[in-house]
Amino acid sequence: MDKKFLICAGNEYTYSQLIDDINTKGNFNPYIYINDNNPYWIFLSIIHSLIYNYSIEILDGDFSDTELKEVGVDTKVFSNYENITNRVKIDDYNSLLDKILMSKDWSLSLYTSGTTGRPKKVTHTLKTLTRNVKIGERFKCNVWAFAYNPTHIAGLQVFFQALLNQNTIVYTFSGQQKNLSDLIQKYQITNVSATSTFYRNVFPYLQGNIYKSVKRVTFGGEKYDPSLENKIKMIFPNVLIRNIYASTEAGSLFVANGENFEIPESIRDFVRINEANELLIHKSLLGNSDSFTLEGDWFNTGDIVYQLDSNHFNFISRKSDVVNVGGYKVNPLEVENTLIKVEGVIDLVVKSKKNKVTGEILVVDVVKDENYDEMELKKNLKRYATKHLQEWKVPRIIKFIEEIPRTRTGKKVRK
């Protein structure tokens, strides 16, 4: 039976079909401009570039014309295809894998979210993108629920982990969450990798069932939410939970059991935490970019962490997210992790608003369960915040919205 490569929107693509399409594809464009949701085409284009060893650049369709000009891309290039001159024939998966692993000069460029200015182009090699990919017989039977934007660094990590072990990818991003229960049972999904927000949103479709096939659940792309652990273990009784630290600039670097990230022995000389509790990464661990600002040989990630010992730390927040309320520094993630515990809250984002008295105040936008009354839930949120948070951390304005706005890399928009 032919191994399935991708399941997406009711369509099944096998590895044989993937290989046939690679062999048939006689032209290429070094730009992958994603203006619709077609993960098979995206994955096929990435693999094709690896086979023929040409570099590619991934751009999301939500780039504005101004942003495209700022990063130096003319939209005319998206329709300029070049012919492949020296065609190769891929016979089977093993020859496909051999060709991929031979792509020494290949690179892939993607862009940061642009939350702190113009999106920054970062170029990765196959080595930096697969730094933490594990290949071996014990991974061959994995079936992955793919719950990220394919252009997100976390999505690329899952893609390569699956591809290099000939795993099946079940696409559950972009409106597919409601089908996750059926997909787990039909395809016996073993691994789920997603953001905390994804897990919160998908729980209503999974509760009341037990899925024994799922062996590993991974968090990434957002701050880990420990309050989700018990819910996950009730639904997936055989699961091992892991938390991944990754960034567009460096790829995947650290793994945590819960909130405590461990710095691997192989890179301990290339990671520092400065006096301001900011995480620094040596330039040798980064992708390539003309936009990086280095402090000597070190890149300041902008992440504030708490150092537990010489080899372990907790992620606290992004430095740019910290809000100054009347002289008090407030971490919005702390407030979010507190208020998410209120029954009836599906997701929320805490942000700041200018205020004449305190400089800034906190505002919280809430996505609620449709079965809860807005006025009653607002009272419960205020009551819970007052009880569990210091006065300056209590949001002064509570609004209900349908969906949390996100950047192209999946981060919550706090402006």
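Every read-out reported here was derived from the displayed coordinates using simple, explicitly stated rules and does not represent laboratory data. Bear in mind that the values here come from a model prediction, so they are computed numbers and not experimental data. Cβ sites come from the backbone with ideal geometry, for glycine too, and all protein chains shown count toward neighbours.
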* Asked: If you take the square roots of the eigenvalues of the alpha-carbon gyration tensor of the stretch 1-123 and sort them as a ≥ b ≥ c, do you get rounded (a/c under 1.5), prolate (a/b over b/c) or oblate?
  -> prolate
* To do: For LEU240 paired with ASP21, estimate the spin-label separation in nm (one decimal), with each label point 7 Å from Cα along the Cα-to-Cβ line.
  => 3.2
* Based on the alpha carbon coordinates of the stretch 309-353, what radius of gyration and maximum Cα-Cα distance (Dmax) apply, in Å? -> 13.0, 40
* Asked: Ordered by residue, what ³J(HN,Hα) values in Hz, to whole numbers, does the stretch 190-195 give under the Karplus form 6.51 cos²θ - 1.76 cosθ + 1.60, where θ = phi - 60° and Gly and Pro are x?
  -> 10, 10, 10, 10, 6, 7
* Under a GNM of the chain (C-alpha, springs under 10 Å), which listed residue has the highest mean-square fluctuation: LEU110, LEU206, LEU68? -> LEU68
* Structure fact -> Out of ILE100, ILE244, ILE153, a Gaussian network model of the chain with alpha-carbon springs under 10 Å gives the largest mean-square fluctuation to ILE100
* With Rg and Dmax of the Cα atoms in Å in mind, check (i) 26.8, 104; (ii) 22.1, 70; (iii) 22.3, 65 and report the label derived from this structure. => (ii)
* List, largest first, the extents of the alpha carbons of the stretch 178-277 along their principal axes, each in whole Å. => 47, 24, 23
* **Order by protection proxy (mean Cβ within 10 Å, highest first), peptides 294-301, 256-263** => 256-263, 294-301
* Structure fact -> Note: ARG272 to VAL88 extended length (0.36 nm per residue) minus current alpha-carbon separation gives 61.7 nm
* **Kirkwood hydrodynamic radius of the stretch 322-400, Cα pairs, Å** => 12.6
* For the stretch 1-72: span of alpha carbons on each principal axis (Å, largest first) -> 49, 29, 14
* Structure fact -> Stokes-Einstein D for the stretch 4-242 (20 °C, 1.002 mPa s, Kirkwood Rh from Cα pairs), in µm²/s, comes to 113
* **Neighbour-count ranking [beta-carbon atoms within 10 angstrom, fewest first] of TRP144, TRP41** => TRP41, TRP144
* **Computed lengthening from ASN260 to GLU374, 0.36 nm per intervening residue step minus Cα-Cα distance** => 37.4 nm
